[in-house]
Amino acid sequence: MFFARTRSPATLAAAAAAAFSTLTAAQTWTDCNPLTTTCEPNTALGMAIDVDFANGAVDTFIEAGSPTYGRDGASFTVAASGQAPQLMSLFYIMFGRVEITLKAAPGAGIVSSLVLQSDTLDEIDFEWLGADPHEVQTNYFGKGQVTSYNRGQFHKMDKNNQDEFLTYVFDWTKDRTEFYVDGTLVRTLTPADADDNQYPQSPMQIRFGAWSGGDPANAPGTIAWAKGPTDFTQGPFSMVVRDLKVIDYSTGKQYKYADNSGSWQSIEAVGGTVNANEGNADQVAVTATAAAETGGPAPTVPPGGIGTDEATAQQTGWPWDGGDRPNGGSVPEGWRITEEGKLRAIGAGASLRPHVLLLALSFFAGVVAVVRR
């Protein structure tokens, strides 16, 4: 029998602890894998939101390490071995579009990452290596199977991704995943292109941040992939995220696995419909289509796409003081996520605009404070 509730604060705490408990080159973990057991439903975004990090921290994210906030947005700074500042959404999307505007971090061995990952270990990535400001990598995995690490592709860029803010987009549907770099379509992945049953198709969480793949503590293969080693005396090294927008192409409050197949057809949208929003999204503004890129040398691009931080993991804004806001867990009864990715009591402040304003893009949700063991 499948549970009919969102994840409890204790479960969320355990998940966050697992996420940030050890320093590894790349993180591939799940606290409950629906391929092998019955798991609680995922909290659904079910709408569109837009987070401007120039306005400061947002109370709907798990924060690891020490991101800082200023007029340019959220900064993720790596200054020493073991540091990997990042943000992770509490909620999941079931197909959708994710758009991030950022400057990648410089530095040999330094990796800036945007990762979508599901509980079944489906994954879609962008990665930027600090050693090459004119390249971006795309990657995917299905059900945690890495095979020969042959999924990554490397895409050259005319612009310097460390000197100016550029926008990157995943547009993910059941039929194809498109990767856009500054308006250029650089890669299209279809189920037919993916290895057998390896097309990402289950509800995804969103994580982004910076880490040192070139950290001397990492495996030699990871250091080589990241074009390290990292010389921390040349730092600090900062990734800056100005804003992040997300459209969930499905609706509802939860996404539930009806069986252990991991297929998109097995996902039930509680209180909504899978793919109900797909036709309402704006088309990505395409200015060019890049020539096909070849895969990178194998084994290189690791799964997980993002490191873990040795610092304390915490959620920004939870629990709240004064008892005037909920004290943990997922979005409680009587509360809502605004289009800015913040939590508000229903009836307080500006009301949400109608659902059709999915045409304006969007983002995020949060958990409980967790101290790394």
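Near Lys256, which lysines are there with a Cα under 28 Å away, not counting those fewer than 8 places off in the same chain? Filter leaves Lys143, Lys174, Lys245, Lys342. The residues Ser202, Ser75, when put in order of fewest to most other Cβ atoms within 10 Å, stand as Ser75, Ser202. In terms of other Cβ atoms within 10 Å, Val51, Val136 run from fewest to most in the order Val136, Val51. Ordering Thr233, Thr43, Thr77 by the number of other Cβ atoms within 10 Å of each residue's own Cβ, fewest first, gives Thr233, Thr77, Thr43.
Values quoted throughout were computed directly from the atomic coordinates according to the rules given, and no laboratory measurement underlies them. These figures come from a predicted structure and were not determined experimentally. Every residue, glycine among them, receives a Cβ derived from its backbone with ideal geometry; neighbour counts consider all protein chains shown.
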